[in-house]
Amino acid sequence: FSAMQVVGVTALANITNSAVNAGKRIVSALTIDPVKTGLSEYETKINAIQVIKANTRSKYATEAEQMEDIEKKLSELNDYADRTIYNYIQMTDNLGKFVNQGLELDEATNAVMGLANLAGASGASAADMARATYQMSQALGSVIRMQDWRSLMTANMAGEELKKVLSDFARVEDIDIDSMIAEKGTFEKTLEEGWLTGDLFTKAMNVYSDAYSEAELKAMGFKDEQIKNFKDLAATAREATTEVKTASQLWDVLKETAQSGWTQTWELIIGDFDTAKKMFTSLQVYFSGIINATSDARNRVLEIALAFSKPWDAIQDKISKITGTVDKVTGAVSGALKPLEYFQD
């Protein structure tokens, strides 16, 4: 009985310790960790702004107008990320990649949200979506081939609905996709024909993000039945992305929300893009001046010390030469006197 009592007490103690440690991790993940991850998210945002600014400069009359539009789109992504199971850092990074491939800022924003909705409808994880989005971002500037499509397949995002949407867009752009499928046998094999451009894929992602109005879709040449299907598809994908269905997804959303709050806190502390640029550039100039002055002083002292040592080196060299000459003379004299040893004996 005593032995079983010890076992029972030990088991309860272990359970209690596990519960306490789990509680600590939960509290830390929602209070302490977001401070660091929020700073990382803030820095990712600043870097993305730099990329977007460099690639959209010619599309705005003034820099103030450009920054206002960029901040607006990033704010949309942040709000969207807070309501979904996906990560704002990934979305912001992808937005910069999409713009770098030549997409307009509006198109890039809608494409990022469209890919997230596609991932949500397909049941893809945040990591799967990140890998697929990175691969697709490399192909958006040209043509999407089979190797790019495989990244969607690996993430389970290349479903029949996506193929149907892409085929519908191909038809309204006078691409004979049906003949190609009949000839090649599968949708995937037709990609080697080079018909799926980055522009066409972006339009499909705009459907998933519900960026097009019914009037815009009708002007493109779509029928009422197709338009209804697009709207239903976007609604379903948005629900799948924003509705939390598991404990893991709940945990990810809560952490993302806490992290986004700290991102805004860091922006208030450090400042927006222009303020941060001025502050950190000033700090770099100031501390670089101190470091350079220290290096110059150290190197000057070393130069003076080496300069004093040079005369001694010269004297030592002369002494070595004289010693070498004396040794040679001594050797020659000893050699000349060797025969006298015979007569001496």
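Among the residues of segment 115-137, those identified as under 17 Å from residue 95 (Cα atoms), among the small types (Gly, Ala, Ser) and open to solvent by less than 10 Å² (accessible area, probe 1.4 Å) are 116, 119, 132, 137. Consider residue 37 carefully, then state whether it is within 27 Å of residue 241 (Cα to Cα), open to solvent by 20 Å² or more (accessible area, probe 1.4 Å) and of a type in the set (Ser, Thr, Tyr). Criteria met by residue 37.
Inside segment 96-114, can you point out the residues that are assigned to a loop (DSSP other than H, G, I, E, B) and open to solvent by 40 Å² or more (accessible area, probe 1.4 Å)?
Scanning segment 96-114 gives 101, 102, 104.
Of everything in segment 135-167, what is under 23 Å from the mean Cα position of the chain (by Cα), part of a helix (DSSP H, G or I) and among the hydroxyl-bearing types (Ser, Thr, Tyr)? Give them in sequence order. Listed by number, the residues that qualify are 137, 151, 154. From the list 46, 52, 70, the one residue that fits, being in contact (Cβ under 8 Å) with a residue 24 or more places away in the chain, open to solvent by 10 Å² or more (accessible area, probe 1.4 Å) and under 19 Å from the mean Cα position of the chain (by Cα), is 46. Could you list all residues from segment 154-175 that are more than 18 Å from residue 229 (Cα to Cα), modelled with pLDDT of 90 or more and surrounded by 14 or more Cβ atoms within 10 Å (Cβ to Cβ)? If the condition is that a residue be more than 18 Å from residue 229 (Cα to Cα), modelled with pLDDT of 90 or more and surrounded by 14 or more Cβ atoms within 10 Å (Cβ to Cβ), then 173, 175 are the ones that fit. Among the residues of segment 255-263, is any open to solvent by 80 Å² or more (accessible area, probe 1.4 Å) and either among the aliphatic types (A, V, I, L, M) or touching a Leu at 6+ places or on another chain (Cβ under 9 Å) (or both)? Within segment 255-263, one or more residues are open to solvent by 80 Å² or more (accessible area, probe 1.4 Å) and either among the aliphatic types (A, V, I, L, M) or touching a Leu at 6+ places or on another chain (Cβ under 9 Å) (or both).
The values are calculated or read from the model by the stated rules, or taken from the named source; none is laboratory data. These numbers were taken from a predicted model, which means no experiment stands behind them. Quick reminder, even Gly has a Cβ in these numbers, built from the backbone with ideal geometry, and neighbours come from all protein chains shown. Side chains are part of the model used for accessible areas, which takes the heavy atoms of the whole protein and leaves out ligands, DNA and RNA. Shrake-Rupley method; radii C 1.70, N 1.55, O 1.52, S 1.80 Å.
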